[in-house]
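Only one structure is covered here, and it is reproduced in the block below.
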Amino acid sequence: MENYHWKLLGVAMAVVCSALVHAADVFPRLSDRDAEQERLTFQSGGPWSPRVNLNADAALVYGIGRIMPQRMENWRSHGYRVHLMTGVAWGSYQDYVHGQWNGRKHEDEEQTNSAGAPRAHGRDVYYMSPGDDYGKYLCEGVKRALDTGALAVVLEEPEFWVETGWEENFKRQWKAYYHDDWQAPDSSPDAQYRASKLKYFLYRRALSVVFDFVHQYAKEHGREIRCYVATHSLINYAQWRIVSPESSLLQVGCDGYIAQVWTGTARTPNAYEGERRERTFDTAFLEYGAMQNLVRASGRRVWYLNDPVEDNPRHTWTDYRQNWESTLTASLLQPEVWRYEIMPWPQRIFMGRYASATQPSRRVPMPKDYETELQAVISAMGDMDQPPEATRWQACGTQGVGVLVSDTLMFQRAGPGASDLHMGHFFGLAMPLLKAGVPVEPVQMENIASAGFLDRYKLLLLTYQGQKPPAPRVHEALAAWVKRGGALLVIDDDQDPFNAVQEWWNAAPMAYKTPREHLFEKLGLAAEARGVNRVGKGVVLFETDSPTAMANRKGGADRVRALAHQAADAVGLEWKQSAALVLRRGPYVVAAGIEQAADATLASLRGRFIPLFDASLPVVTDYELLPGKRALLVDLDAMPKDHEGVVAAACRVRGENFSSGAVRFKADGVDGSDAVVCVALNAKPRQVLIDGKPVDSDYASGILRLRFVNSVEPRNVEIDR
């Protein structure tokens, strides 16, 4: 698409969306958010302080130790709703491990590798191989939080490392689960697959014990107490060689997820066109999409985590900021989600010291402009629940496209014949589409039999390299979807050693060499049916190649795109490519210029915008989406012509009141940070006061911009008109 087309598209979309926004009365509502909706949360292991005076609704108080009730009360006293959050795979649980809890040591429940070394998570803290008593132990700490009034329980990171499984508890659990003797997980593909299935089961069981307890407690006390799991995405767990009960959590009493996607996960390198490197935005986009896909069929809640720094303390503030902008943009490009965990560990952000970009040997506090930018973005994040008619893609490639994934991606990550270390079997299919501007979604196989789950998709890509179908119903649902008019692109060379593991497709009476053969039988196709095959109203296109090999060779991405284009054409789905992803969410525009884009045409946005990634919150009229450019914009032209009010704020705004003579509101924020507030006004005001004194301000393009220092005590802002 040429640049002038982008200009015309921008003007047309501004007109259409302006009408929609006006009709739906949708414009920034940055004042007096309903805290009970719990749109914005954060987790903290420390106490409140003026430097972590956050514009959020709920504090996730971390840990079940003895002083946890006091920490909960501390956050509650500063106006936050309080949840409990604690690790489920690890924590300060030495009293359980060393025998003080019930008089019996549980050191043989430490996840242990083949060399006999336990997997540590700090000093004398280890990842647990949950035994029969482990869930009961966690319940005691959880009860202390419930007795203190916790409104929800969040269990974090149920993680079992692929490299472990040699601990004595695991051997006992193997015997109880499989009714035969333990096998070393690295002894064969089948042993590895079975070990991973057991690891998956053990954490699902531990979570179930705790959630059952919470639900019974809530029933007995006449309270509503929700249960959530904070978990990395399936994509990342498979990358990092961890097993976790991802999709099955909704079956054991989980009310939703916190999608733990951040710089640390998303910067994990992957291969594209034979080049392996970090692709933070692309990976984050796929990770967030995978997490939304888990809950879409259920209607359960999901929060998207962002982290303005990350666990690795050796990067510069510039690195953290650029990567945070990439992950944040990726999260906002998921239009169905409007709840966010705005940060973990706020103390390490606002009170931490990290390397300076100009002097990496120096450790410096958070830059003042980053403090301002972060608070302006948080205010906007609390305003992302826009009605469907005000949310639409302004620029993207073909919609309705997905790549099928299963929790079994985690089951083939070690042992003989392990899947590709860099997940080429997944990224080799997904990345070529995303680089074409296609908002591709990872589609969870475990959910596809749910009524209507596949209706949003017109084209699906599938390989059984690196993963396997969890049950025959997956193929039954896929076959029915194709017959209704879907296009299924299968790319597989059938060479995966894990095709021969002891599973349903080769268990009597079935005797298929590969699970793909069973799928093709359900589709009414011969196993060798290469090329385009008509199936009912839809098509199946089968290419005998390796997605991993395609990810690692030049031209592999073009081949995937050509096949996807061919499959789309076969069912009348228009194939489109784009150099950018641009999503309108009411008055907000979320945009990302794609690096290594398949379409080299640059995107341009025209209008009047306030870019929230610029701490000065200026009004700009042109915005070029160069490759790698990320943007969160307030679109002033998308608001009703006569709209007045706060449209952007690097602080928390409360009690906004407009009259013919004055505008008044209160503002507070992270103590000592620089606040900037943009107020839409039809005319320049006579004077602007904060706490009765003149304040630094300017007026241009219909926007009054105020600048002052944030404080914990609300500051009184008065604008005389």
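Each row is one residue, and each column tells you yes or no for (1) under 18 Å from GLN566 (Cα atoms); (2) touching a Cys at 6+ places or on another chain (Cβ under 8 Å); (3) β-branched (Val, Ile, Thr).
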{"residue": "VAL440", "(1), (2), (3)": "yes, no, yes"}
{"residue": "PHE453", "(1), (2), (3)": "no, no, no"}
{"residue": "LEU460", "(1), (2), (3)": "yes, no, no"}
{"residue": "LEU488", "(1), (2), (3)": "yes, no, no"}
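Among the residues of the range 650-671, the ones that are within 15 Å of ASN716 (Cβ to Cβ) and under 34 Å from the mean Cα position of the chain (by Cα) come to 11 in all.
Cβ separations smaller than 6 Å between residues 6+ apart or across chains give the following pairs from the range 513-525 residues that are in contact (Cβ under 8 Å) with a residue 12 or more places away in the chain and crowded, with 19+ Cβ neighbours inside 10 Å to residues that are outside any helix (DSSP H, G or I) and among the hydroxyl-bearing types (Ser, Thr, Tyr): PRO515/TYR464; ARG516/TYR464; HIS518/TYR512. Among the residues of the range 674-711, those identified as among the hydroxyl-bearing types (Ser, Thr, Tyr) and under 27 Å from MET366 (Cβ atoms) are SER697, SER711.
Going by the structure shown, is GLN399 modelled with pLDDT of 95 or more and over 30 Å from LEU626 (Cβ atoms)? It is false that GLN399 is modelled with pLDDT of 95 or more and over 30 Å from LEU626 (Cβ atoms).
Test TYR217 against the criterion of being in contact with a His (Cβ under 9 Å, 6 or more places away or on another chain), among the aromatic types (Phe, Trp, Tyr) and in contact (Cβ under 8 Å) with a residue 24 or more places away in the chain, and give yes or no. Considered against the rule, which asks whether it is in contact with a His (Cβ under 9 Å, 6 or more places away or on another chain), among the aromatic types (Phe, Trp, Tyr) and in contact (Cβ under 8 Å) with a residue 24 or more places away in the chain, TYR217 comes out as no. Here the condition is being in contact (Cβ under 8 Å) with a residue 12 or more places away in the chain and closer than 20 Å to ARG585 by Cα; of ALA418, ALA390, ALA449, it holds for ALA390 alone.
Only residues that are more than 27 Å from GLY415 (Cα to Cα), surrounded by 24 or more Cβ atoms within 10 Å (Cβ to Cβ), under 18 Å from the mean Cα position of the chain (by Cα) and of a type outside the set (Ser, Thr, Tyr) were counted in the range 206-253, giving 1. No other residue among ALA145, ALA117 is without any contact (Cβ under 8 Å) to a residue 40 or more places away in the chain, of a type in the set (A, V, I, L, M, F, W, C) and out of contact with any Phe, Trp or Tyr (no Cβ under 8 Å at 6 or more places or on another chain) apart from ALA117.
Determine if the range 164-176 includes at least one residue that is within 29 Å of the chain's Cα centre (by Cα) and part of a loop (DSSP other than H, G, I, E, B). Break it down stepwise before answering.
Step one: list which residues in the range 164-176 are within 29 Å of the chain's Cα centre (by Cα), which gives 164-165.
This time we only want the ones that are part of a loop (DSSP other than H, G, I, E, B), so: 165.
Taking every residue of the range 164-176 in turn, at least one turns out to be within 29 Å of the chain's Cα centre (by Cα) and part of a loop (DSSP other than H, G, I, E, B).
For the range 672-721, the set of residues classified as part of a loop (DSSP other than H, G, I, E, B), surrounded by 13 or more Cβ atoms within 10 Å (Cβ to Cβ) and either touching a residue at least 60 places away in the same chain (Cβ under 8 Å) or under 36 Å from the mean Cα position of the chain (by Cα) (or both) consists of GLY672, SER673, SER701, GLY702, ASN710, SER711, VAL712, PRO714, ARG721, listed by residue number. Cβ-Cβ distances below 6 Å connect the following pairs, each with a first residue in the range 332-361 that is without any contact (Cβ under 8 Å) to a residue 60 or more places away in the chain, a second residue that is in a loop (DSSP other than H, G, I, E, B) and surrounded by fewer than 21 Cβ atoms within 10 Å (Cβ to Cβ), and a separation of six or more residues or different chains: SER356/ARG362.
If you take the residues in the range 248-270 that are touching a Ser or Thr at 6+ places or on another chain (Cβ under 8 Å) and assigned to a helix (DSSP H, G or I), which one is modelled with the lowest pLDDT?
Kept after step one, since they are touching a Ser or Thr at 6+ places or on another chain (Cβ under 8 Å), are these residues of the range 248-270: 249-250, 252-253, 257-263, 265-268, 270.
From what's left, assigned to a helix (DSSP H, G or I): 249-250, 252, 263, 265-266.
Details: LEU249: 87, LEU250: 82, VAL252: 87, THR263: 97, THR265: 98, ALA266: 98.
So the residue we want is LEU250.
Determine, yes or no, whether LEU198 is closer than 23 Å to TRP90 by Cβ and either touching a His at 6+ places or on another chain (Cβ under 9 Å) or assigned to a helix (DSSP H, G or I) (or both).
Values: closer than 23 Å to TRP90 by Cβ: yes; either touching a His at 6+ places or on another chain (Cβ under 9 Å) or assigned to a helix (DSSP H, G or I) (or both): yes.
Judged against the criteria, LEU198 is a match.
Considering the range 592-607, and only residues there that are modelled with pLDDT of 95 or more and not in a loop (DSSP other than H, G, I, E, B), the residue that is farthest from VAL377 (Cα to Cα) turns out to be GLY593. If you go through the range 164-185, how many residues are buried (at least 19 other Cβ atoms within 10 Å of the Cβ) and in contact (Cβ under 8 Å) with a residue 24 or more places away in the chain? The total comes to 9.
Has the range 368-380 got at least one residue that is assigned to a loop (DSSP other than H, G, I, E, B), surrounded by fewer than 20 Cβ atoms within 10 Å (Cβ to Cβ) and either of a type outside the set (A, V, I, L, M) or modelled with pLDDT under 95 (or both)? There is no residue in the range 368-380 that is assigned to a loop (DSSP other than H, G, I, E, B), surrounded by fewer than 20 Cβ atoms within 10 Å (Cβ to Cβ) and either of a type outside the set (A, V, I, L, M) or modelled with pLDDT under 95 (or both). Residue count for the range 197-235 under the criterion of being out of contact with any strand residue (DSSP E or B) (no Cβ under 7 Å at 6 or more places or on another chain) and of a type outside the set (A, V, I, L, M, F, W, C): the result is 15. Residues of the range 698-721 that are touching a Pro at 6+ places or on another chain (Cβ under 7 Å) and hydrophobic (A, V, I, L, M, F, W, C): LEU704, VAL712, ILE719.
Residue by residue, here is whether (1) surrounded by fewer than 23 Cβ atoms within 10 Å (Cβ to Cβ); (2) in contact with a helix residue (DSSP H, G or I) (Cβ under 7 Å, 6 or more places away or on another chain); (3) of a type in the set (Asp, Glu) holds:
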{"site": "ARG66", "(1), (2), (3)": "yes, no, no"}
{"site": "LEU84", "(1), (2), (3)": "no, yes, no"}
{"site": "VAL88", "(1), (2), (3)": "no, yes, no"}
{"site": "GLY91", "(1), (2), (3)": "yes, no, no"}
{"site": "VAL97", "(1), (2), (3)": "yes, yes, no"}
{"site": "TRP101", "(1), (2), (3)": "yes, yes, no"}
{"site": "ARG104", "(1), (2), (3)": "yes, no, no"}
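Screening THR621 with (1) surrounded by 16 or more Cβ atoms within 10 Å (Cβ to Cβ); (2) at pLDDT below 95; (3) of a type outside the set (Lys, Arg) gives one miss only, at (1).
Mind checking whether some residue in the range 543-556 is crowded, with 23+ Cβ neighbours inside 10 Å and either in contact with a strand residue (DSSP E or B) (Cβ under 6 Å, 6 or more places away or on another chain) or among the aromatic types (Phe, Trp, Tyr) (or both)? Yes.
Search the range 286-295 for residues being out of contact with any Pro (no Cβ under 8 Å at 6 or more places or on another chain) and surrounded by 24 or more Cβ atoms within 10 Å (Cβ to Cβ), and hand back the single one that is nearest to ILE448 (Cα to Cα). Checked the range 286-295; the qualifying residue nearest to ILE448 (Cα to Cα) is LEU294. Applying the condition of being among the small types (Gly, Ala, Ser) and under 17 Å from ASP674 (Cβ atoms) to the range 690-721 and asking which residue is modelled with the highest pLDDT yields SER711.
So, in the range 254-264, how many residues would count as being out of contact with any strand residue (DSSP E or B) (no Cβ under 9 Å at 6 or more places or on another chain) and buried (at least 24 other Cβ atoms within 10 Å of the Cβ)? Adding up the residues that qualify gives 1. For the condition in contact with a Pro (Cβ under 7 Å, 6 or more places away or on another chain), polar (S, T, N, Q), modelled with pLDDT of 95 or more and closer than 20 Å to PRO416 by Cβ, GLN502 does not qualify.
The values are calculated or read from the model by the stated rules, or taken from the named source; none is laboratory data. Worth saying up front: this structure is predicted, and the values here are computed from it rather than measured. Note: ideal-geometry Cβ built from the backbone for every residue, glycine included; neighbour counts use all protein chains shown.
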